[in-house]
Amino acid sequence: MSLIVNLGIAKTHLLSKKRQTLVAMMGVTFGIGMYLLMISFMSGFNEYLEDTLLSATPDIHIYNDIKSDFSRSILDEISDSNEVINIIHHPKPKNITPNIHNPKQIIADIKTFDNVLAVSPQLSSQVFYNNGPVQLNGSINGVNILEEAKLTGLYDKMKTGRIEDLLKVDNGILLGHGLATKLNASVGDLVTLASPQGTSMSFRVVGTFQFGLGTLDNVRSYVSLKSVQQLLGKDNQYITDIDIKMKDYTNAKSLAASFGSKYAYKADDWETANASAMISINIRNVMTIVVSFTLLVVAGFGIYNIMNMTIQNKLKDIAILKAEGFAPNDIMQIFLFQSLTIGFFGAILGLILGYLMSCGVWNLPFPKNEFISITHYPVTFHVRHYVFGIVFGMLTTLIAGLMPSLKAGKIDPVAILRG
Amino acid sequence: METVLKATGVNKFFYEPEEFHVLKDINFEVEKGEFLTLMGKSGCGKSTLLYLLSTMDTDYKGEIVINNYKVTGRKQNELAAFRNEHIGFVFQFHFLLPEFTALKNVMLPAEKLGKYSRSEIEDRAYEKLKMLDMQDFAKKLSSKLSGGQAQRIAIARALINDPTIIMGDEPTGNLDTTNTQIVFEILKELSGHKGQTIIAVTHDPEFAHKSDRIIEMKDGDIIKQ
Ligand SMILES: Nc1ncnc2c1ncn2[C@@H]1O[C@H](COP(=O)(O)OP(=O)(O)OP(=O)(O)O)[C@@H](O)[C@H]1O
Ligand SMILES: [Mg+2]
């Protein structure tokens with residue numbers, strides 16, 4: 001009963017000072033709107049980047065990290081090291097191959113892990129691409145294309161041609177989009193590849209793909225495992241890399257470490273492989289949180305100021321109400337309700353403003369560049385950001401309104417009524 | 001007769017800007033239905049005493065009992081509820097809530113009390129306004145009323161909950177002789193027939209002499225009862 005009366009008084013106060021109420025609301029609206037724009041844009045960019053990085057990098061990558069320390073001799077193994085010291089002068093490596101030994105057993109073993117979704121053995125090499133007069137440096141990946149497609153989501157990245165044609169066409173090749181453009185090659189054309197050893201082979205283009213990362217699209221191409229083995233003159237067991245996709249990629253780090261020690265090859269997880277990108281993503285996340293928090297807190301201070309001002313202007317009214325028999329709690333309710341109303345409607349308008357601004361940014365064309373191929377600014381529209389905005393907005397106004405309201409409840413009416 | 005208010009050994013000090021003994025050992029009783037006026041020179045402590053009796057000022061020594069309820073030492077919330085039901089106060093200067101209509105100003109204490117339904121409260125408020133010949137101004141915003149009109153609205157507001165005691169700090173100070181006469185008649189009527197007690201501060205000797213009893217104060221003392 002008392003509450004209804006108090007709310008009625010609060011409503012009258014708000015409506016009789018429409019402009020002041022509106023200004024107070026705009027503070028909250030602006031704060032929440034900017035917070036939403038900021039977080040939608042930043043998380044959009046981060047998610048886009050993370051997605052492209054994730055699809056372009058295997059969750060775990062196992063390869064033979066060639067050692068350069070040859071100071072230990074095999075003689076150490078057979079002679080008693082207490083009596084004999086073996087010293088090697090000018091060691092020079094010979095016939096070291098970067099391949100993984102026993103790939104069949106390793107792959108079979110990896111597949112027994114529950115968390116592993118797909119395993120793709122690869123043979124990659126540096127090559128020169130030749131198409132007429134154009135000669136380009138790049139890399140070639142010999143893969144089992146169906147496994148690789150599972151790993152990278154290649155189906156969604158195809159620009160022209162079809163993945164399956166790689167299996168049908170003899171010596172087919174899938175070219176990175178940037179590479180294809182530079183070579184001026186399209187589906188059906190022949191390109192010639194030269195290996196570091198000097199051997200060369202011709203491939204027929206069956207499709208082009210685009211990951212959205214210049215560092216990949218401008219250099220990479222896919223052919224069958226057999227073709228690269230043939231190009232390099234190796235046997236059909238010869239592979240250099242094993243790429244793994246997991247069901248839950250957040251566990252990659254620990255699994256990579258255990259693979260590394262188990263098979264005695266280098267095993268990198270996706271975070272390690274993209275360390276620098278992950279750092280910039282983290283920094284952006286931290287900045288987003290700091291700036292968002294600041295915006296919301298500033299909005300809170302706005303409410304605090306306005307409520308203090310309102311109460312200062314209403315000292316007389318508070319004294320009268322108290323004389324009439326309104327208790328400190330009633331007075332507190334009257335003013336707290338005002339700030340909560342300002343906070344609520346300000347926050348709702350803020351959500352709308354934030355949404356509209358995010359839509360605006362979403363429609364802005366992204367400046368053309370070599371490294372990422374996006375046409376528009378990436379923006380996310382996550383419900384949780386909006387929920388957080390309104391909850392935090394209400395919370396700051398509650399706190400910001402509570403202090404002046406409690407103070408209003410404690411005002412001594414006599415001091416004011418004396419004039 | 002039944003005692004409705006009893007003040008025993010009431011002392012009050014102000015400490016700012018320097019220690020000042022405003023009320024010096026005040027003792028008096030008021031009976032139910034009595035029309036009491038407080039007189040005395042400006043600055044002798046009449047308003048101060050009235051604020052103590054109204055339970056708004058709790059910073060004093062001594063004891064005050066109203067309607068067999070000891071108000072001294074009570075919590076703010078209890079005093080607010082007690083004030084709401086038992087005390088109607090008319091200030092030395094009219095004080096109305098400027099954003100509300102005259103009618104709403106009169107209704108608010110009753111809405112807070114919550115004893116009657118909304119429509120009953122409105123009827124009662126109109127009844128009080130009619131007594132003071134202010135019914136035509138009911139819907140007017142209180143900030144748009146003249147000083148005398150506002151004062152009469154303030155009196156109607158003090159009457160709305162049929163309080164045990166009506167306290168007035170120069171309630172007719174802003175009124176012309178006709179309206180002073182009307183207000184006096186209303187107060188007289190309330191104390192006579194309805195058994196409500198009136199305690200009013202006044203500088204108007206004529207007003208005072210028509211009341212049941214005059215308490216005269218000087219420099220914080222009661223010099224004549
Ligand atoms: N807050 C205060 N701090 C210090 N002294 C005060 C305060 N309020 C009032 N006084 C002093 O207390 C004395 C009594 O004041 P009070 O308002 O009760 O006088 P009054 O009898 O109502 O006078 P008036 O007829 O002019 O209204 C005065 O001398 C006044 O200066
Ligand atoms: Mg006075």
* B:Glu127 fails exactly one of the following numbered conditions: (1) under 30 Å from B:Thr3 (Cα atoms); (2) crowded, with 18+ Cβ neighbours inside 10 Å. What is the number of that condition? -> (2)
* Of all the helices (runs of 4 or more DSSP H) wholly in the range A:94-200, which have at least 1 residues that are under 16 Å from A:Thr240 (Cβ atoms)? -> A:103-111, A:145-152
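For every residue, the table says whether it meets (1) touching a residue at least 60 places away in the same chain (Cβ under 8 Å); (2) touching a Phe, Trp or Tyr at 6+ places or on another chain (Cβ under 6 Å); (3) part of a helix (DSSP H, G or I).
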position: B:Thr55; (1), (2), (3): no, no, no
position: B:Thr72; (1), (2), (3): no, no, no
position: B:Arg83; (1), (2), (3): no, no, yes
position: B:Met107; (1), (2), (3): no, no, yes
position: B:Glu111; (1), (2), (3): no, no, yes
position: B:Lys115; (1), (2), (3): no, no, no
position: B:Ala125; (1), (2), (3): no, no, yes
position: B:Ile155; (1), (2), (3): yes, no, yes
* In the range B:172-217, which residue that is part of a helix (DSSP H, G or I) and within 16 Å of ligand 1 (Cβ to nearest atom) is farthest from B:Ile66 (Cα to Cα)? -> B:Pro205
* Structure fact -> If we keep only residues of the range B:23-53 that are surrounded by fewer than 18 Cβ atoms within 10 Å (Cβ to Cβ) and part of a strand (DSSP E or B), then the residue nearest to ligand 1 (Cβ to nearest atom) is B:Lys24
* To do: Would you mind telling me which numbered condition in (1) outside any helix (DSSP H, G or I); (2) within 30 Å of B:Arg83 (Cβ to Cβ) A:Ile239 fails?
  => (2)
* To do: Give me a count of the residues in the range A:211-228 that are in contact with a strand residue (DSSP E or B) (Cβ under 9 Å, 6 or more places away or on another chain) and surrounded by fewer than 18 Cβ atoms within 10 Å (Cβ to Cβ).
  => 2
* Structure fact -> Counting only residues that are away from ligand 2 (no atom under 16 Å from the Cβ) and either assigned to a loop (DSSP other than H, G, I, E, B) or over 30 Å from A:Ile311 (Cβ atoms) (or both), the range A:369-419 contains a total of 22
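This table checks each residue for (1) within 30 Å of B:Pro98 (Cα to Cα); (2) within 14 Å of chain B (Cβ to nearest Cβ); (3) in contact (Cβ under 8 Å) with a residue 12 or more places away in the chain; (4) of a type in the set (A, V, I, L, M, F, W, C).
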position	(1), (2), (3), (4)
A:Asn282	no, no, no, no
A:Met287	no, no, yes, yes
A:Val291	no, no, yes, yes
A:Val297	no, no, yes, yes
A:Ile306	yes, no, yes, yes
A:Ile311	yes, no, yes, yes
A:Leu321	yes, yes, yes, yes
A:Gly325	yes, yes, no, no
* Single match in B:Asp204, B:Asp212 (criterion: within 15 Å of ligand 2 (Cβ to nearest atom), farther than 20 Å from B:Asp25 by Cβ and charged (D, E, K, R)) -> B:Asp204
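Could you tell me which of the residues A:Asp317, A:Asp269 is of a type in the set (Asp, Glu) and touching a residue at least 24 places away in the same chain (Cβ under 8 Å)?
On inspection, the qualifying residue turns out to be A:Asp269.
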* Filtering the range B:88-103 down to residues that are assigned to a loop (DSSP other than H, G, I, E, B) and within 16 Å of ligand 2 (Cβ to nearest atom), which residue is surrounded by the fewest Cβ atoms within 10 Å (Cβ to Cβ)? -> B:Phe93
* Could you check how many residues of the range B:75-92 are more than 7 Å from every other protein chain (Cβ to nearest Cβ) and of a type in the set (Gly, Ala, Ser)? => 1
* Breaking point among (1) touching an Asp or Glu at 6+ places or on another chain (Cβ under 7 Å); (2) surrounded by fewer than 16 Cβ atoms within 10 Å (Cβ to Cβ), for B:Asp133 -> (1)
* Could you say whether any residue in the range B:134-147 is within 12 Å of another protein chain (Cβ to nearest Cβ), within 26 Å of A:Asp330 (Cα to Cα) and in a helix (DSSP H, G or I)? -> yes
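One line per residue, one yes/no per condition, for (1) polar (S, T, N, Q); (2) within 13 Å of ligand 2 (Cβ to nearest atom):
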position	(1), (2)
B:Thr8	yes, no
B:Asn11	yes, no
B:Phe28	no, no
B:Gly45	no, yes
B:Tyr60	no, no
* Asked: Any idea how many residues of the range A:126-135 are at pLDDT 90 or above and either outside the structural domain of A:Met246 (by TED's automatic domain parsing) or out of contact with any Gly (no Cβ under 8 Å at 6 or more places or on another chain) (or both)?
  -> 0
* Asked: Within the range B:64-74, is there a residue that is farther than 16 Å from B:Asp25 by Cα, of a type in the set (Gly, Ala, Ser) and more than 9 Å from chain A (Cβ to nearest Cβ)?
  -> yes
* Asked: If we keep just the residues of the range B:57-70 that are out of contact with any Lys or Arg (no Cβ under 7 Å at 6 or more places or on another chain) and in contact (Cβ under 8 Å) with a residue 60 or more places away in the chain, which is farthest from ligand 1 (Cβ to nearest atom)?
  -> B:Asn67
* Please go through the range A:194-211 and pick out each residue that is touching a residue at least 40 places away in the same chain (Cβ under 8 Å) and more than 26 Å from A:Thr52 (Cβ to Cβ). => A:Ala194, A:Ser195, A:Pro196, A:Ser200
* Asked: Looking at the range B:165-179, which of its residues are among the polar types (S, T, N, Q) and either in contact with a Gly (Cβ under 9 Å, 6 or more places away or on another chain) or within 12 Å of ligand 2 (Cβ to nearest atom) (or both)?
  -> B:Asn174, B:Asn179
* Residue that is nearest to the other protein chains (Cβ to nearest Cβ) [pool: residues in the range B:8-22 that are within 16 Å of ligand 1 (Cβ to nearest atom) and in contact with a Gly (Cβ under 7 Å, 6 or more places away or on another chain)] -> B:Val22
* Asked: Since B:Phe95 meets every condition but one in (1) more than 8 Å from every other protein chain (Cβ to nearest Cβ); (2) within 16 Å of ligand 1 (Cβ to nearest atom), which condition does it not meet?
  -> (1)
* Which listed residue, of A:His61, A:His13, is within 14 Å of chain B (Cβ to nearest Cβ), crowded, with 19+ Cβ neighbours inside 10 Å and at pLDDT 85 or above -> A:His13
* Name the pairs: first residue in the range B:38-52 and in contact (Cβ under 8 Å) with a residue 60 or more places away in the chain, second residue near ligand 1 (Cβ under 8 Å from one of its atoms) and not in a strand (DSSP E or B), Cβ to Cβ under 6 Å, at least 6 apart or on different chains? -> B:Leu38/B:Lys46; B:Gly40/B:Lys46; B:Gly45/B:Gly220
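The values are calculated or read from the model by the stated rules, or taken from the named source; none is laboratory data. A quick note: this is a predicted structure, and the numbers were derived from the prediction, not measured. Cβ coordinates were reconstructed from backbone atoms using ideal geometry, including for glycine residues, and neighbour counts include every protein chain displayed.
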